[in-house]
1. Going down the table (LYS42/LYS97; LYS36/LYS92; LYS97/LYS221; LYS42/LYS92), which pairs top 20 Å between alpha carbons?
2. Quick one: what do you get for the chain if you divide its Cα Rg by 2.2 N^0.38 Å?
3. What spacing in nm lies between the two simple spin-label points modelled at LEU65 and HIS247, each 7 Å away from Cα in the Cβ direction?
4. Convert each backbone phi in segment 184-199 into a coupling constant with the Karplus relation 6.51 cos²θ - 1.76 cosθ + 1.60 (shift: θ = phi - 60°), then list the ³J(HN,Hα) values in order as whole Hz, x for Gly and Pro.
5. What residues have an amide H closer than 5 Å to that of GLN193, excluding those fewer than 5 places away on the same chain, when H is modeled at 1.01 Å from N in the peptide plane?
6. When only C-alpha pairs under 8 Å and at least 6 residues apart count, what is the relative contact order of the chain, in percent?
7. Which helices count as membrane-span-like in the chain under these terms: full DSSP H, at least 24 Å along the axis by C-alpha, Kyte-Doolittle mean of 0.0 or more?
Amino acid sequence: MNTLSRAKRIVIKIGTSTLTYETGRINIRRFEGLCKVLSDIKNSGREVVLVSSGAVGVGVAKLGLPCRPKDTPSKQAAAAVGQCELMYLYDKLFLEKSHKVAQVLLTRDVIEVENRAQNARNTFERLFSMGAIPIVNENDTVSTEELEFGDNDTLSAIVAALIDADLLILLSDIDGLYTDDPRQNPNAEFIEQVDELTEEFMHMGKASTGSNVGTGGMNTKMIAAKIATSSDVDMIIANSKDIGVLHRLLSGENEGTLFVAHKDESFDLPEFVQNLHKNQ
């Protein structure tokens, strides 16, 4: 993974289960640690984009709901409340490290219409030039499909492809890719590197599910890997229990599962996004 130490433009996705407790309440220690590490990475001269989940979960807790709602309007209402709380925290914690943040709310159809995609690229480029850290989330309050696809894995890969990132890091509650779900099968074998994303690997992702507080699982991470690697972006799945893993990865240490980028000239990202329901 030594080549990863040369990555200059990095997209980092962090999941709901990392940012919150099982109760839905914010894990303040994790939040503070994340902002500290990302600030340090930014100080090193890299460009950083954070794709942050957690709006629905935080909103559920703040509204005092007994559990994560199942109907779309209630999820959207919870997201509207939770997104305010998330951005308040990010703004406050990054400002303490002398960094500015920007909220970017997207839906996956941003890639399907070229003028929208170009407008999004232009916005990211201008934010980079202004020294801001874009914090991306799905625009849950106006979309329906995004709430069904799972924990921003796909969106983070689309963002990485959109801005020509060098590296996408998916931080999760699992160490990386296994031959089977290690929580169910103690004989599951860990996979350190995937050089070619075959159907066999894609099938492995369908064997696992996500945590109680998020909606994503390994399946959405495999779809993210397909988008990223086909778009010439390396991708890593790593465990977020120690946020210092970001420093270690960018120093070239071997942690998590690396999916090696292979530019696929025939890969049509807009078409792939339109067919995501079929691909899942």
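1. Values: LYS42/LYS97 10 Å; LYS36/LYS92 12 Å; LYS97/LYS221 31 Å; LYS42/LYS92 17 Å.
In this structure, LYS97/LYS221 exceed 20 Å between Cα atoms.
2. Values: Rg = 17.3 Å, N = 280, 2.2 N^0.38 = 18.7 Å.
Normalised Rg, Cα atoms only: 0.93.
3. So the label points at LEU65 and HIS247 sit 3.7 nm apart.
4. 10, 10, x, 8, 4, 9, 7, 10, 7, 8, 10, 7, 9, 7, 7, 4
5. Those lying under 5 Å, H to H, from GLN193 are LEU258.
6. Values: 557 pairs, mean separation 65.4, N = 280.
Relative contact order here is 23 percent.
7. Working: long enough: 72-95 (33 Å, 0.25).
Helices meeting the criterion: 72-95.
All of the numbers you see were taken from the coordinates with simple rules; none came from a lab. This one's a predicted model, so the numbers in the text were calculated from it and none came from an experiment. Please note: Cβ atoms are built from the backbone with ideal geometry, for glycine as well, and neighbour counts cover all protein chains shown.
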